[in-house]
Amino acid sequence: MSTSTPAVEIRGLRKSFEDHVVLAGVDLTVAPGTVHALLGPNGAGKTTTVNILTTLLAPDGGTVAVLGHDVEREPRLVRACIGLTGQFAALDDLLTARENLVLVGRLHHLPAGEVRRRCAELLERFGLEDVADQRPSTFSGGMRRRLDLAMGLVGRPSVLVLDEPTTGLDPRSRRATWDVVRELVTERVTVVLTTQYLEEADRLADHVSLLDGGRVVAAGTPAELKRRVPGGHVRLGVADLDALDAARRAVGGEPDPDALALDVPGSGDVPALRALLDRLDEAGVRVDDLAIRTPDLDDVFLALTGRPTPDDAAEEALR
């Protein structure tokens, strides 16, 4: 395999269930050693894409290759180089944590000595040594998720697929999972991530593909996607109303008299910010506070799909 071979390459992927089209021609490329996030509203086809990528579901059309191996023609080679952690922890509650890991090692046909070493290493890495001989039915949600992630790494996969890995976790457990993902990338593991949390994609992803209507409607780095959405501004804080009026006359913008602040449209990048401050200096306006507000992935999601983010939609459903 060439070093330039994509970790994952999907071209024209199509899938329907009876008359319902789920994937209508998905194209995406995942570079090795990166985190690639798949975002989209419920029903956009994220999990279907993951199921096809991991050989659990056959496509109706198009091609999917993992490290150059076609998922239909070479499923065994694909499965040998991937790990999968699904939305729900795939643990056997009749086995201990250690026995769950050993089971996965045997399914990978690893030598017995390698299984023992790998299990010990993963139990230590995920902070599960003290509960290694307990059943996961006694574990918290965060501990179960850590064990599930460890099981996905027993076979030392080159590509790890995480399908909404932090759903239902408390903030501390979620951040612990993020730390694990970052560590894996430093080890050149490629991570394909689906998530309902826009913050998660923003913090972890090198590249984002936004799915809607069975297609990729936008793709790029989180920063690139944010730049496609208007609404960024610089908020300037000043000492009094006279300074606020002087600042408005110098640079324009929308004043907020109650907060003694002025919102000036702009990207907030270094050249634009330097020019803005120079104009204020020339006008003799002293700035006491400055904040840059750029669109986030929630704004991108809403602008490109015309819908609220999954989190917002869930909250609306509960009202």
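The values are calculated or read from the model by the stated rules, or taken from the named source; none is laboratory data. Small disclaimer: the values here were computed from a predicted structure and weren't measured. Backbone-built Cβ (ideal geometry, glycine too); neighbour counts: all protein chains shown.
Across segment 175-184, not a single residue is classified as of a type in the set (A, V, I, L, M, F, W, C) and in a strand (DSSP E or B).
For segment 132-151, indicate whether the set of residues that are of a type in the set (Val, Ile, Thr) and more than 19 Å from Leu193 (Cα to Cα) is non-empty. Looking through segment 132-151, at least one residue is of a type in the set (Val, Ile, Thr) and more than 19 Å from Leu193 (Cα to Cα).
Just one of the listed residues (Leu280, Leu260, Leu244) is in contact (Cβ under 8 Å) with a residue 24 or more places away in the chain and crowded, with 16+ Cβ neighbours inside 10 Å, and it is Leu280.
So which residues in segment 33-71 are within 19 Å of Ser158 (Cα to Cα) and among the acidic types (Asp, Glu)? First the steps, then the outcome.
Step one: of segment 33-71, the residues within 19 Å of Ser158 (Cα to Cα) are 33-38, 49-56, 64-71.
Scanning segment 33-71 gives a single hit, Asp70.
Exactly one residue out of Ala201, Ala246 is assigned to a helix (DSSP H, G or I) and over 19 Å from the mean Cα position of the chain (by Cα): that is Ala246. Restricting Asp212, Asp245, Asp289 to those that are in contact with a helix residue (DSSP H, G or I) (Cβ under 6 Å, 6 or more places away or on another chain) and among the acidic types (Asp, Glu) reduces the list to Asp212.
Only residues that are assigned to a strand (DSSP E or B) and touching a residue at least 24 places away in the same chain (Cβ under 8 Å) were counted in segment 24-55, giving 11.
Anything in segment 29-47 that is farther than 13 Å from Val191 by Cα and crowded, with 22+ Cβ neighbours inside 10 Å? List them, or say none. Working first, answer last.
Narrowing segment 29-47 to residues farther than 13 Å from Val191 by Cα: 39-47.
Residues satisfying the conditions are Leu39, Gly40, Ala44, Gly45, Lys46.
Checking each residue of segment 215-222 against the condition of being in a strand (DSSP E or B), at pLDDT 90 or above, surrounded by 15 or more Cβ atoms within 10 Å (Cβ to Cβ) and not assigned by TED's automatic domain parsing to the domain that holds Leu153 gives no match. Of all the residues in segment 85-106, those that are modelled with pLDDT under 90 and under 14 Å from Arg156 (Cα atoms) number 1. When segment 75-97 is filtered for residues that are buried (at least 20 other Cβ atoms within 10 Å of the Cβ) and among the basic types (Lys, Arg), nothing remains.
Have a look at Ala58, Ala65 and point out the one that is surrounded by fewer than 22 Cβ atoms within 10 Å (Cβ to Cβ), in a loop (DSSP other than H, G, I, E, B) and not β-branched (Val, Ile, Thr). Quick ask: steps written out before the conclusion?
Values: Ala65 fails: in a loop (DSSP other than H, G, I, E, B).
Answer to the check: Ala58.
A single member of Gly127, Gly155, Gly113 is outside any helix (DSSP H, G or I), without any contact (Cβ under 8 Å) to a residue 24 or more places away in the chain and over 18 Å from the mean Cα position of the chain (by Cα), and it is Gly127. Screening the candidates Asp278, Asp269 for the property of being over 29 Å from the mean Cα position of the chain (by Cα) and over 26 Å from Thr48 (Cβ atoms) yields one hit, Asp278. Any chance segment 4-23 includes a residue that's free of Cβ contacts under 8 Å to residues at least 40 places away in the same chain, touching a helix residue (DSSP H, G or I) at 6+ places or on another chain (Cβ under 8 Å), assigned by TED's automatic domain parsing to the domain that holds Thr167 and over 28 Å from Leu128 (Cβ atoms)? No, that holds for no residue.
For first residues located in segment 169-194 and on the phi < 0 side of the Ramachandran plot, partners that are among the hydroxyl-bearing types (Ser, Thr, Tyr) and lie 6+ apart or on another chain with Cβ distances below 6 Å form the pairs Arg174/Thr166; Thr177/Thr166. Please determine whether any residue of segment 143-158 is assigned by TED's automatic domain parsing to the domain that holds Leu184, of a type outside the set (Gly, Ala, Ser) and within 26 Å of Arg14 (Cβ to Cβ). For segment 143-158, residues assigned by TED's automatic domain parsing to the domain that holds Leu184, of a type outside the set (Gly, Ala, Ser) and within 26 Å of Arg14 (Cβ to Cβ): absent.
Pick out the one residue from Thr177, Thr194 that is surrounded by 18 or more Cβ atoms within 10 Å (Cβ to Cβ) and in contact with an Asp or Glu (Cβ under 7 Å, 6 or more places away or on another chain). Explain how you work it out, then say what you get.
Working: Thr177 fails: in contact with an Asp or Glu (Cβ under 7 Å, 6 or more places away or on another chain).
One residue alone meets the criteria, Thr194.
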